[in-house]
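The values are calculated or read from the model by the stated rules, or taken from the named source; none is laboratory data. Remember, predicted model here, so these are calculated numbers, not experimental data. Reconstructed Cβ throughout: ideal geometry from the backbone, glycine too, with neighbour counts over all protein chains shown. For accessibility, only protein heavy atoms count, side chains too; no ligands or nucleic acids. Shrake-Rupley method; radii C 1.70, N 1.55, O 1.52, S 1.80 Å.
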Amino acid sequence: MKVLPFKILKPINQNLVVQVDEAEMFYSQLHAHEEIQLSLIAKGHGKLIVGDSIHNFKEGDYFVIGPNCPHLFQNERSHIQARMISLFFTRNSFGSDFFNLADLESIRSFFELANSGFRLQSHKDLVNALVIDFPKQDKLTRFINLLKLIDILCKAERESLTRFVYPKKIGHREGQRLQIIFEFVLNNYQTDISLETVANLAIMTPNAVCRFFKNRTHQTLSSF
């Protein structure tokens, strides 16, 4: 599976995107986007691939996926349609200086926490009750409740999802090479993978592919 650069479609005059996915299967491609993603699993269960990790998910779970972090919600097929409510935004969605306001100092740590992503461990009922109403709210109510939600997430107990951080935008050629590496590792992680095999796939020497991967992901190829 390739890591697809994904563009979140933003409605006109809306800075916060609210999306409801309701189908037998969620989006089936490993993908990444610049927006932070906050997702409530309203119905369904399956596996979440995120960065360098795989997690089970079930109804009622709440996840925060960091910006530019490859991920895929892979739900199990069922006679009941899966349902997920997601919010998408960046730190600059409401202006480059908005979250630098002194009044918002208590929630500023959210963006550092979001980089590695996390699963909510406490305050679930409170968060789920807040999020379930987002799709039917007007823009102002959504904005106010987003700040409330972030405040709760900063105070709640969390389980980190991944050590992998995708810190920078990359060019097309570099992206293709990373896609090849990701595709191979994610499809063969159950077996021993040699450095020589990965280097050959990327058309690089072993030393070069190690430097390439670490420079662009801030993580060694072997640890990934």
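Summary table below
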quantity: Odd one out for Gln19 among (1) over 25 Å from Asp138 (Cβ atoms); (2) out of contact with any helix residue (DSSP H, G or I) (no Cβ under 8 Å at 6 or more places or on another chain); calculated: (1)
quantity: Top-ranked residue in region 35-60 [being surrounded by 17 or more Cβ atoms within 10 Å (Cβ to Cβ) and among the acidic types (Asp, Glu); ranked as farthest from Asp125 (Cα to Cα)]; calculated: Asp52
quantity: Single unsatisfied condition, Tyr62 versus (1) under 13 Å from the mean Cα position of the chain (by Cα); (2) modelled with pLDDT under 80; (3) hydroxyl-bearing (Ser, Thr, Tyr); calculated: (2)
quantity: Pair list, Cβ < 8 Å and 6+ apart or interchain, from region 83-108 residues that are aromatic (Phe, Trp, Tyr) to residues that are assigned to a helix (DSSP H, G or I) and surrounded by 11 or more Cβ atoms within 10 Å (Cβ to Cβ); calculated: Phe89/Leu146; Phe94/Phe143; Phe98/Leu104; Phe99/Ile107; Phe99/Phe111
quantity: Tally of residues being surrounded by fewer than 12 Cβ atoms within 10 Å (Cβ to Cβ) and of a type in the set (A, V, I, L, M) across region 194-224; calculated: 1
quantity: Which listed residue, of Phe26, Phe63, is outside any strand (DSSP E or B), touching a residue at least 24 places away in the same chain (Cβ under 8 Å), open to solvent by less than 30 Å² (accessible area, probe 1.4 Å) and of a type outside the set (Asp, Glu); calculated: Phe26
quantity: Residue count, region 51-60 (criterion: in a loop (DSSP other than H, G, I, E, B) and in contact with a Phe, Trp or Tyr (Cβ under 8 Å, 6 or more places away or on another chain)); calculated: 2
quantity: Matching residues, region 194-224, being in a loop (DSSP other than H, G, I, E, B) and closer than 14 Å to Asp52 by Cβ; calculated: His218, Gln219, Thr220, Leu221, Ser222, Ser223, Phe224
quantity: Matching residues, region 155-200, being modelled with pLDDT of 75 or more, of a type outside the set (A, V, I, L, M, F, W, C) and touching a Pro at 6+ places or on another chain (Cβ under 8 Å); calculated: Glu196
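Condition check ((1) at pLDDT 95 or above; (2) under 14 Å from Val131 (Cβ atoms); (3) touching a Ser or Thr at 6+ places or on another chain (Cβ under 9 Å)) across all residues:
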| site | (1), (2), (3) |
| --- | --- |
| Leu30 | no, no, no |
| Leu38 | yes, yes, yes |
| Lys43 | no, yes, yes |
| Ile54 | no, no, no |
| Cys69 | no, no, yes |
| Leu72 | no, no, yes |
